[in-house]
């Protein structure tokens, strides 16, 4: 019996070493030679031959998805990532890449754009890493005559929630962000942040904006007046904008705790 177990362990170890070697070879083809076709064949072979819970299979799914995305095969990339997420073997890394792909697909490439939230065609995302905080959906809040984006969130002390939208060299470059906003049942606090191609972060104003519960507030932000958060005083160049974030800072700046809803409407970048 011990002999059989030792033989099985040796075979498994050899297979494992072989799979790791195949994966590393595929990564080398891709990074050194730019040979995505050969790499994809290796990734597919590993995905089809290894057990569902094998960590090497999870890595192969991720790199297969990434290679599909790099050559513009978005649906194939999504399929591989969803398989990794479904099996649980590649959850966080695959969710990160899937979110990046979806943000890229929905990126604003020309302006102006306007969303009235009557249909699901809009570019706002609730990042998956904030799923524990809340969700977003379309609906008609009390007191509204038409649909709005309903951002349901949970206020916790010293924690935030956020929505994000992406940009891909929009032409013409955007000048303003505008939207209407209200909250219920707790007065919310919102800050808007921008990120440019160099990865620098910019903000509008030195503190959050109080969002009323008894009225709808209109907000207009002049993008080239957003100031870098690194203390340099540099202002955002909107032609290099890659992302805007709406951050619920109520847990830092407000008094309430518990469940809350924030309503967004008439959202435009122009």
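Rule-based calculations on the coordinates, nothing more; no lab input. Keep in mind the model is a prediction, meaning the values are calculated, not measured. Every residue, glycine as well, gets a Cβ built from its backbone with ideal geometry; the counts of neighbours run over all protein chains shown.
Could you quote the convex hull projected area for the range 115-204, Cα atoms only and averaged over all directions, in nm²?
Values: hull surface 29.8 nm².
Averaging across all directions leaves 7.4 nm² for the Cα convex hull.
Could you work out Rg/(2.2 N^0.38 Å) for the chain, with Rg from alpha carbons only?
So the chain has a normalised radius of gyration of 1.25.
For the chain, take the longest principal axis of its alpha carbons; what is the angle in degrees between that and the long axis of helix 74-87, to the nearest 10 within 0 to 90?
Taking the Cα atoms of the chain, the angle to 74-87 is about 80 degrees.
Please report, in cubic angstrom per residue, the volume enclosed by the convex hull of the alpha-carbon atoms of the range 140-251.
114 Å³
Just to verify a number: FRET efficiency for residue 82 and residue 113, C-beta to C-beta distance, R0 = 45 Å, to 0.05?
Once rounded, the FRET efficiency stands at 0.95.
Students often check this: by mean Cβ neighbours within 10 Å, which of 62-68, 78-84, 128-134, 223-229 ranks highest, and how do the rest follow?
62-68, 78-84, 223-229, 128-134
If Rh is defined by the Kirkwood formula over all Cα pairs and Rg also comes from Cα, what ratio Rg/Rh do you get for the range 205-270?
In the range 205-270, Rg relative to Rh is 0.99.
Give the separation of the Cα centroids, the range 49-102 to the range 177-213, in Å.
With the range 49-102 and the range 177-213 each reduced to a Cα centre, they are spaced 33 Å.
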